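Have a look at the structure below before the remarks.
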Amino acid sequence: MKKYFDRLKRMIKSINRDRRVLTVFMAVGLSFVLAIIISIFSLRRLADENRRELDTMLTYRIYESVSNSLNEPIVVSKTMACDDFLISFLQDEDKMSESEAVYSMRKYLSSVRDSLGYDSAFLVSENSRRYYTYDGLNKIVDPVNDEHDVWYSIFLDKDVPYDLDVDSDEMNEEQWTVFVNTRIVDDSGKLLGVCGVGVKMSNLQCLFLEAEEEYGVKINLVDAKGLVQVDTEDINIENAWLDEDVLGDGNEDKVFQSVEGEEYVTTKYVEYLGWYLVVRSKRADISREVGNVISLNIVLLALVMAVLVIMVMISFITDRKMQRTEEEAAIDKLTGFYNKYNANEKISVLCAGQEGTLMIIDLDSFKLVNDIYGHDMGDRILIEFARIIRENMSADAVLGRIGGDEFIVFAIGMKDEGAVGAFSEAVNRDLLEAAKSLMGEDMSIPLGASIGVIFVPEYGTEFNELFRLCDRALYVIKSNGKHGYSIYNGDIDDDLPTDITLSMLSTILEERNIPQNAMWMGKEAFGNVYRYMVRYMDRYSGTAYKVLFTAKFIRRDLPDAEKQTIMVSLRELLQESLRGSDIMMQLGYNHFFLMLPQISDNNISHVIDRIMRSWKYNKYSDQVELTVESESMV
């Protein structure tokens with residue numbers, strides 16, 4: 001029968017192993033498919049993002065070029081409109097003969113055209129409707145009968161200081177030209193005429209064509225209605241239209257981007273022109289890249305399978321190692337119980353959701369063991385005491401060491417005084433037997449255990465409050481004979497002795513939590529002692545040094561659990577290296593502050609050197625750089 005069950009167990013293990021292998025292969029296949037899909041989407045997104053960025057950069061580049069090409073003509077036209085010569089000319093035009101007026105204006109306009117290099121310079125008198133150019137009198141403007149002159153009435157109807165108009169230039173073989181039309185008014189705002197300059201469209205067309213051929217895009221300048229004003233193909237100028245939806249919101253500081261089918265459209269508003277710069281481009285063809293991705297994934301499939309298997313193995317080993325490290329960091333090395341931090345954390349959770357008994361256990365007269373038999377014997381007593389507690393508690397109880405000779409226990413489900421009494425009796429009995437076995441039958445130290453007890457949740461579920469009340473119960477048993485237990489019942493103050501003597505109080509204070517070496521303190525207690533020592537030395541003289549050890553981790557990627565283990569090791573090393581009269585505290589995560597009273601200037605360097613040498617031989621020294629600062633307190 002046993003052979004049958006063993007065979008069945010092996011079969012189940014084999015099935016589970018096969019399932020894990022199948023799961024790995026399925027994961028590999030799924031990873032392969034997902035890799036292809038993600039790669040294709042990534043390629044598409046990357047291609048689209050590159051296209052958008054390129055179009056945006058190109059739009060700004062063209063915008064600057066357009067600004068350089070057209071901003072100056074606008075400034076020149078505005079300057080002409082403010083020229084006192086032109087204003088006076090138009091006001092006195094009817095006092096001059098036609099030939100005098102033509103001569104004067106031809107000279108002025110040809111000077112503007114030739115000196116600044118424009119293709120055209122013109123003036124239209126509102127009074128005479130004469131159209132003056134750099135070549136003389138061109139015509140009499142008649143918007144009603146001549147379609148070439150419609151621009152004049154349209155411009156006046158807009159009632160704007162200046163405007164740009166794309167039109168064929170009659171003076172230059174009907175070439176497409178961008179004219180800057182500017183109003184000329186007198187001091188009262190009366191219209192005197194319109195002046196301006198013209199720039200050949202071919203200048204902008206060459207700029208656009210160069211960019212279109214280099215980047216594979218289509219570039220236009222269009223008005224607010226979408227009518228094309230500038231295009232590399234003359235047939236489209238003032239003849240083709242773009243959808244107004246792609247023009248954006250008219251914000252000059254922003255670039256508007258949209259997608260029209262397989263085409264990207266990038267638009268920037270040119271405020272001083274009142275036009276929109278539009279750059280259109282085709283979405284990138286990534287079919288070849290997709291083929292390469294699929295081929296590459298097929299080639300790498302076998303490697304991916306191997307890598308996945310290796311990763312699983314490494315992950316398993318790493319997890320086990322981290323688990324062991326975390327467990328080691330959470331455990332008091334001497335007793336095997338949880339350390340204070342982890343015990344309090346776990347018991348805090350249990351108090352909030354479980355019924356049971358919280359106990360604080362203090363070793364009575366333990367200081368005498370250290371003083372008479374030495375610290376090695378003290379450690380052996382602590383180990384035996386931990387074993388006794390463990391053997392007399394249920395397997396699910398949480399056990400912790402929270403001080404040198406102080407322990408904490410949460411017994412899940414224990415709710416009656418009988419069980420507590422039996423536990424107290426067994427612990428004291430077994431402890432005495434173990435002590436005599438270790439130190440001899442003639443051992444006369446009154447070694448025992450005092451236990452403060454509180455039932456949960458009768459007095460709440462908040463751990464800190466329960467601990468405080470349990471500690472009061474411990475104080476009662478310590479004050480009333482020790483070697484037993486006291487259960488908190490809400491009237492604990494009635495159990496306290498009313499005739500406390502100095503000797504009794506000294507005994508209570510001296511025997512609880514006396515450290516073996518340097519005294520470990522919390523920040524508040526350390527601060528009180530520090531301030532007292534400063535006052536004492538100021539009053540009675542004396543010597544003392546304050547020392548700060550700082551640990552800097554060489555590797556920044558160490559797990560938190562491993563860092564905690566290293567700090568615990570360093571703290572223990574410092575405690576063991578110092579005297580019982582020294583005190584120390586931990587600041588933050590990696591700073592240890594020491595106060596060493598009654599030590600000379602010569603000896604402080606020896607103490608520090610001894611600690612640094614001890615750390616050098618510590619197994620964690622290659623992972624931490626230890627630095628030290630010291631200063632006299634006098």
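The values are calculated or read from the model by the stated rules, or taken from the named source; none is laboratory data. Every value quoted in this text rests on a predicted model; they were computed, and no experiment measured them. Here Cβ is always computed from backbone atoms with ideal geometry, including for glycine, and neighbour counts include all displayed protein chains. Just so you know, the surface numbers come from the protein's heavy atoms only, side chains and all, with ligands and any DNA or RNA stripped out. Shrake-Rupley method; radii C 1.70, N 1.55, O 1.52, S 1.80 Å.
Kindly indicate whether any position in region 599-615 is assigned to a loop (DSSP other than H, G, I, E, B) and surrounded by fewer than 17 Cβ atoms within 10 Å (Cβ to Cβ). Explain how you work it out, then say what you get.
In the first step, residues of region 599-615 are kept if they are assigned to a loop (DSSP other than H, G, I, E, B); the result is 599-600.
Now narrow it down to the ones that are surrounded by fewer than 17 Cβ atoms within 10 Å (Cβ to Cβ): 600.
Checking region 599-615: at least one residue is assigned to a loop (DSSP other than H, G, I, E, B) and surrounded by fewer than 17 Cβ atoms within 10 Å (Cβ to Cβ).
Residue count for region 199-244 satisfying the condition of being of a type in the set (Asp, Glu), open to solvent by less than 30 Å² (accessible area, probe 1.4 Å) and farther than 20 Å from Asp167 by Cβ: 1. Scanning region 121-145 for residues that are open to solvent by 40 Å² or more (accessible area, probe 1.4 Å) and either more than 26 Å from Gln91 (Cα to Cα) or polar (S, T, N, Q) (or both) gives Asn127, Asn138, Asn145. Only one of the listed residues (Gly198, Gly189, Gly193) is over 58 Å from the mean Cα position of the chain (by Cα) and in contact (Cβ under 8 Å) with a residue 24 or more places away in the chain. That residue is Gly193.
Are any residues in region 516-527 surrounded by 12 or more Cβ atoms within 10 Å (Cβ to Cβ) and part of a helix (DSSP H, G or I), and if so, which ones? Ala525, Phe526, Gly527, listed by residue number. Take Ser444 and tell me if it is outside any loop (DSSP other than H, G, I, E, B), polar (S, T, N, Q), farther than 21 Å from Ala473 by Cα and without any contact (Cβ under 8 Å) to a residue 40 or more places away in the chain. So Ser444 fails the test. For Tyr459, the test of being aromatic (Phe, Trp, Tyr), over 30 Å from Asp379 (Cα atoms) and surrounded by 20 or more Cβ atoms within 10 Å (Cβ to Cβ) is failed.
Please tell me if Leu86 is touching a helix residue (DSSP H, G or I) at 6+ places or on another chain (Cβ under 9 Å) and modelled with pLDDT under 90. Walk me through how you get there before you give the answer.
Working: touching a helix residue (DSSP H, G or I) at 6+ places or on another chain (Cβ under 9 Å): yes; modelled with pLDDT under 90: no.
No: the conditions fail for Leu86.
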